1. Go through the stretch 165-175 and give me each residue that's surrounded by fewer than 16 Cβ atoms within 10 Å (Cβ to Cβ) and over 17 Å from VAL33 (Cα atoms).
2. Which one of these is touching a Phe, Trp or Tyr at 6+ places or on another chain (Cβ under 8 Å) and farther than 24 Å from LEU115 by Cβ: ALA161, ALA153, ALA131, ALA180?
3. Out of ILE62, ILE72, which single residue is among the aliphatic types (A, V, I, L, M) and closer than 17 Å to ASP154 by Cα?
4. From the list ILE42, ILE94, pick out the single residue that is under 15 Å from the mean Cα position of the chain (by Cα), at pLDDT 95 or above and of a type outside the set (Ser, Thr, Tyr).
5. Where in the stretch 1-94 are there helices (runs of 4 or more DSSP H), lying wholly inside it, with at least 2 residues that are aromatic (Phe, Trp, Tyr) and surrounded by 19 or more Cβ atoms within 10 Å (Cβ to Cβ)?
6. Check GLU130 against each of (1) at pLDDT below 95; (2) crowded, with 21+ Cβ neighbours inside 10 Å and name the one condition it does not meet.
7. How many residues are under 17 Å from ASP97 (Cα atoms) and among the small types (Gly, Ala, Ser) when one looks only at the stretch 41-81?
8. Give me the helices (runs of 4 or more DSSP H) completely within the stretch 95-212, filtered to those with at least 1 residues that are touching a strand residue (DSSP E or B) at 6+ places or on another chain (Cβ under 7 Å), ordered by residue number.
Amino acid sequence: MNRETIYAVVDLETTGTNIKDGDRIIQFGCALVQNGKIIQTISQDVNPLRDVPNKIQHLTHISADQLEFAPIFEDLAPTLVEILSGTVFVAHNINFDLPFLNGELARVGQEPLELDGIDTVELAQIILPEAPSYRLQDLTQLLSIEHDNPHQADSDALVTAKLLLKLMARLRELPLVTLAKLSELGTGLLRQTGDLFTAIYDQMQEQSQPLIPELLIRENIALHKDQPTDFTLYPANNTLPNTHTMKPLKRRF
């Protein structure tokens, strides 16, 4: 990952969660991000050649009539592979979207995508440890990201891209020593999520600035001088705790 990397932020709407049970993609959304900007958006309805459950229609507001004349996935697959090839795949819960997409590709005779991947749920859990919820709709509200059509693939992909950019911006505001520690501890994260810390650390190191006077370094972490510094630090084994249950570090007084 570097400044020229293209991040393909993807969201899928599906008839359900299990391809083996006959579930299919009904909408594909993608926002391409490069050099800190959204450079392209893609939205495509997909005819699943099966009924769409009423609960899915109610959740997504995607009707069976809307999908009737949409192309089938087999016809779209080569174009989707071309769009995504060479990118870093990003999703809000990547372990659903990427395996489901690869399952659909395999079903129609295409090779699965072998892409680096970033999970914005896990990224947000680390960068926003005090957020009350990590649902996409709640994070967009927390960060004042306009989200007009939740549970529609194009809207969800676009706001996830905006979320990614805001999280990356927050990483760039961290002291270099903190980025270095995150890079060191990020190896246990989902897919290549931790590599983003390394990429941003490398970028910021090129334009490093002296540590501001209000900060000091303790245990390779930058801390405000006027804050208690007797922390219980994570972790002894150089891995991040499970971010799905991770809580802010506790202070001992």
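1. Once the filter is applied, which keeps residues that are surrounded by fewer than 16 Cβ atoms within 10 Å (Cβ to Cβ) and over 17 Å from VAL33 (Cα atoms), the stretch 165-175 yields only GLU173.
2. Result: ALA180 is the single residue among ALA161, ALA153, ALA131, ALA180 that is touching a Phe, Trp or Tyr at 6+ places or on another chain (Cβ under 8 Å) and farther than 24 Å from LEU115 by Cβ.
3. Selected residue: ILE62, the only one of ILE62, ILE72 that is among the aliphatic types (A, V, I, L, M) and closer than 17 Å to ASP154 by Cα.
4. That would be ILE94, the only listed residue that is under 15 Å from the mean Cα position of the chain (by Cα), at pLDDT 95 or above and of a type outside the set (Ser, Thr, Tyr).
5. In the stretch 1-94, there are no helices (runs of 4 or more DSSP H) which contain 2 or more residues that are aromatic (Phe, Trp, Tyr) and surrounded by 19 or more Cβ atoms within 10 Å (Cβ to Cβ).
6. Of the numbered conditions (1) at pLDDT below 95; (2) crowded, with 21+ Cβ neighbours inside 10 Å, the odd one out for GLU130 is (2).
7. Selection size over the stretch 41-81: 2.
8. 120-127, 153-172, 176-185, 195-205
The values are calculated or read from the model by the stated rules, or taken from the named source; none is laboratory data. These numbers were taken from a predicted model, which means no experiment stands behind them. Heads up, the Cβs are rebuilt from the backbone with ideal geometry, glycines too, and the neighbour counts pull from every protein chain shown.
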